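Below: the structure, in structure tokens.
The values are calculated or read from the model by the stated rules, or taken from the named source; none is laboratory data. What you see is a predicted model, and the numbers here were worked out from it, not measured in a lab. Every residue, glycine among them, receives a Cβ derived from its backbone with ideal geometry; neighbour counts consider all protein chains shown.
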Amino acid sequence: MSDTFRDHAEPASPVEKDSNGAWVDLSNYRITGYQQASRWKRVLWYATGEVLFASPLPVPSSLKCTVLRWFGATIGNGVVIKPRVRIKFPWQLEIGDHTWIGEGTWIDNLGMVRIGSNVCISQGVYFCTGSHDHRSRGFELLVAPITVGDGAWVATRSTLLQGVTIGPNALVAAASMVHKDVAAGTIVGGNPAVLVRHREPPVSL
């Protein structure tokens, strides 16, 4: 290496110097930041959820909705819940009237999830209400609600991240990663999801 190059080389950054070893200490992680029910209620729900919801068996939606209400969920009329659906905490779930929850949906609702009326949640959609503070040594949990407005469609294999709101009549294209709010009556898609175009109302209205 020449002296000239050595003289002008940039010093190593703090990140380069400290890149060996973990920046977080997971031994100090504590579960905080969301509403926990009693241990017995959680155990009872986990068992019930596995039998009635996560199962591939065609359990009637009416029974599933009744059970969700028993556990504190707010569920409207005519809601359809397909097989293999997982719901973390029903007491943090609100669903309006005539909404469909597709097979394989995972509602990971450490925070509140509110889904409006006449909403289509297609197969394999993931609601992720929790994350972690990567700037913190303790890797603290970060929780924020997710809201899906009336008439929206979240297409198959999409992921909704913590804190996002899907506006009424919006459409999230298949396999999208939604990290920020989606305006009413728009179509978004991609990873990260971006505006594709505005959605037109049905001609039969």
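General remarks:
- Flag if GLY130 is under 28 Å from VAL59 (Cα atoms) and either touching a residue at least 24 places away in the same chain (Cβ under 8 Å) or out of contact with any strand residue (DSSP E or B) (no Cβ under 6 Å at 6 or more places or on another chain) (or both): no
- Conditions (1) under 23 Å from ILE81 (Cα atoms); (2) in contact with a strand residue (DSSP E or B) (Cβ under 9 Å, 6 or more places away or on another chain): number failed by THR156: (2)
- Within the set THR159, THR129, the sole residue that is on the phi < 0 side of the Ramachandran plot and touching an Asp or Glu at 6+ places or on another chain (Cβ under 7 Å) turns out to be THR129.
- Highlighted here are the strands (runs of 3 or more DSSP E) found entirely within the range 95-205 that include at least 1 residues which are at pLDDT below 95 and crowded, with 17+ Cβ neighbours inside 10 Å: 130-132, 141-143.
- Residue, farthest from GLY21 (Cα to Cα), within the range 80-94, restricted to residues that are of a type outside the set (Lys, Arg) and assigned to a strand (DSSP E or B): VAL80
Quick grid of which residues meet (1) modelled with pLDDT of 95 or more; (2) under 20 Å from GLY111 (Cβ atoms); (3) β-branched (Val, Ile, Thr):
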residue	(1), (2), (3)
LYS41	no, yes, no
GLU50	yes, no, no
PHE53	yes, yes, no
PHE71	yes, yes, no
LYS88	yes, yes, no
